[in-house]
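Taking it in order: structure first as structure tokens, then the write-up.
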Amino acid sequence: MESPPFHFYSASRPTVFLPSYSSSSFLFLHKNPSFIKSSRSTNVSYSRSFSVRASSSSSTSDSVVTLLDYGAGNVRSVRNAIKHLGFDIKDVQTPEDILNASRLIFPGVGAFGNAMDVLNKTGMAEALCAYIEKDRPFLGICLGLQLLFESSEENGPVKGLGLIPGTVGRFDSSNGFRVPHIGWNALHITKDSGILDDVGKRHVYFVHSYRAMPSDNNKEWVSSTCNYGDTFIASIRRGNVHAVQFHPEKSGDVGLSILRRFLYPKSQMTKKPGEGKASKLAQRVIACLDVRANDKGDLVVTKGDQYDVRENTNEKEVRNLGKPVELASQYYLDGADEVSFLNITGFRDFPLGDLPMLQVLKYTSENVFVPLTVGGGIRDFTDANGRHYTSLEVASEYFRSGADKISIGSDAVYAAEEYLRTGVKTGKTSLEQISRVYGNQAVVVSIDPRRVYVKNPTDVQFKTIRVSNRGPNGEEYAWYQCTVNGGREGRPIGAYELAKAVEELGAGEILLNCIDCDGQGKGFDIDLVKLISDAVSIPVIASSGAGAAEHFSEVFAKTNASAALAAGIFHRKEVPIQTVKEHLLKEGIEVRI
Ligand code: 1PR
């Protein structure tokens, strides 16, 4: 998992945010200073003289899972999944808590070097090695797998725990594969791994830029691999020690079954399916919920026609298509690969004042085990009392409430304009700050472009394309003008220029809407999606205009989009998500089943 320095926070102090690691911030997390041992460089060879001893009274309760959360990011989803499976959580406070655990889950988040720094400084590295070497029940997730290896190239080389031979390296994007690796892949299961017994050919969710490679030296550990440009290690197993590169807590019901098998190792569950085969990255189908308060003040899912969300009546009420938590849960059950919430009045309302939206996220994340994105209003803000909030604080609150990714609209446009004007990355924009702290895989930029026809490609300074359907006056060319504030204001920047700039500023993914197509049901703007998905090397989500299952296969066949998002057809129950997926499968397009 890619993300820069740690931050630490306390549930009781939701607005406190300490963006980079320091010993004082560590003290803030772990109130007992004696917990911190002498600092040890991550590049110093790791000594195996285990000085930490387990107490005689180990926590043996069958319903308790010990969780190693060193405060580096959002592990709310893991907590929700464990609770959903009927377990209580005991948080590790001291290295002894690790040694006394009856089962330990380590959902590594943040960057490798920072994680090792914390583990070394707190004595947890030693305790972890002792615990694992005693073959005690362990499940590492994502970075929690990578840290078991000898070293990582992430901001390194940095030494890891050294339990498994091998080095963790970055994916190579020069061969056309988009990095980060975000999305659903099937596994190639290489040995009996116990916890993967229900996986078979089903897909699991990955999000990472670094990976460990299988070799002769580590083959006794490897239980499955996956292919994304290279063949990398998707999971390891030795005895009671398991670790997975993917996120079971975000892998839908198959992910929950992996966690369940770890938590109830002796129980006989479903019949073992056939061997899983490595596959391509599945194309994602995303359900999007545009959310805002209606005129009565209730938070509702709405849907616009070219961004106009009001009914065509005298009263002009906000169109109400349902309740956000209910709809999101339904789409999860229907097979959505992700769910996005866009707080569409976030540009004018302050999202942290909009507590119902945070509640929506909290409730949704308790029952929806696929990635959740939330957008709207991510920017610096000063409230009526003069209290200033940074965009990072706003984003942090969204992450704490259950978001896996945040999506930035208007603020990313201003940041890109400034960057293109000055050529300087200030590091201060919301985009840069949030991706530095949470990793670029957690930052989506949502673009709201409008087609502008021109007679000649040289009529404007922006990238133009020859359009498939001519304009009203026979124009053969168009550029796509970015807008802000929910499409209300056009800006002097094209979608092409914006996409390239935000990739450089740290966006991990682009949500590409199109105002002309929004709510029209006539298909995605293939010209636009092709233009942008060919221009950047981060994943692009095609959005706006889906009206039939065929529109999804068309956009995947004709462009390099990694995902396709729809709203209206799902809300109005015109085309179920399952129908879209069955159609894609029939067309030979790999999807998560
Ligand atoms: O600018 O950072 O506050 O973010 C505001 C966010 O809210 C942006 O992501 C922006 O796209 C979104 N937004 C603002 N106003 C509207 C509106 O509709 N009036 N919705 C709006 C954008 C577009 C899609 C929609 C697809 C698919 N909605 O998300 O879901 O077009 O629809 P379809 O399948 O029915 O065609 P900031």
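The values are calculated or read from the model by the stated rules, or taken from the named source; none is laboratory data. All values reported here derive from a predicted model rather than from experimental measurement. Neighbour counts are summed over all protein chains in view; Cβ atoms, including those assigned to glycine, are modelled from backbone coordinates with ideal geometry. All accessible areas refer to the heavy atoms of the entire protein, side chains included, with ligands and DNA or RNA removed. Shrake-Rupley method; radii C 1.70, N 1.55, O 1.52, S 1.80 Å.
Points worth noting:
- Any cysteine of the chain lacking a neighbouring Cys Cβ under 4.7 Å - listed by number: CYS129, CYS142, CYS226, CYS288, CYS482
- Note: relative contact order over region 283-587, using C-alpha pairs below 8 Å and six or more positions apart, is 17 percent.
- C-alpha long axis of helix 124-133 to longest principal axis of the chain, angle in °: 70 degrees
- The distance between label points at SER102 and ASN312 comes to 6.3 nm (points 7 Å beyond Cα on the Cα→Cβ vector).
- Applying both filters, DSSP loop and at most 14 other Cβ atoms within 10 Å, to the trypsin sites (Lys or Arg not before Pro) of region 550-593 gives ARG572, LYS573.
- Split the accessible area of the chain by element, probe 1.4 Å, and carbon with sulfur accounts for 48%.
- Comparing ALA507, ALA111, VAL424 along the charge dipole axis of the chain, the residue lying farthest to the positive side is ALA111, per the Cβ-charge model.
- The local environment of SER533, defined by Cβ-Cβ distances under 15 Å, has a net charge of 0 under the rule Lys, Arg +1 and Asp, Glu -1.
- In this Cβ point-charge picture (+1 for Lys and Arg, -1 for Asp and Glu), region 283-587 has a dipole of about 240 debye about its Cα centre.
- Those aspartates and glutamates that a straight Cα-Cα span of less than 18 Å connects to LYS428, excepting residues fewer than 8 apart in one chain: ASP380, GLU393, ASP411, GLU417, GLU418, GLU503, GLU504
- Whichever lysines have a C-alpha closer than 20 Å to that of LYS522, once near sequence neighbours (fewer than 8 apart) are set aside: LYS303, LYS530, LYS558, LYS573, LYS581
- DSSP bridge orientation in the chain - percent antiparallel, rounded to nearest 5: 50 percent
- The chain - mean residue ellipticity at 222 nm from DSSP helices (-39,500 (n - 2.57) per run, n ≥ 4, rounded to 500): -7500 deg cm²/dmol
- Taking a Cβ cut-off of under 12 Å around PHE232, the surrounding Lys, Arg, Asp and Glu residues balance to a net charge of 0, with basic ones at +1 and acidic ones at -1.
- Furthest towards positive pole of dipole, TYR438, GLY160, ALA535, structure part the chain, Cβ charges: GLY160
- Under 14 Å of direct C-alpha separation, and excluding same-chain neighbours fewer than eight residues apart, LYS134 reaches these aspartates and glutamates: GLU126.
- Per residue, in Å², the accessible surface of the chain once ligands and nucleic acids are set aside, probe 1.4 Å: 38 Å²
- Extreme residue, positive dipole direction of region 283-587, given options TYR480, VAL555, LEU565 (C-beta unit charges): TYR480
- You can think of it this way: the chain between LYS191 and THR422 has 77.7 nm of extra reach, that is 0.36 nm per residue less the Cα-Cα gap.
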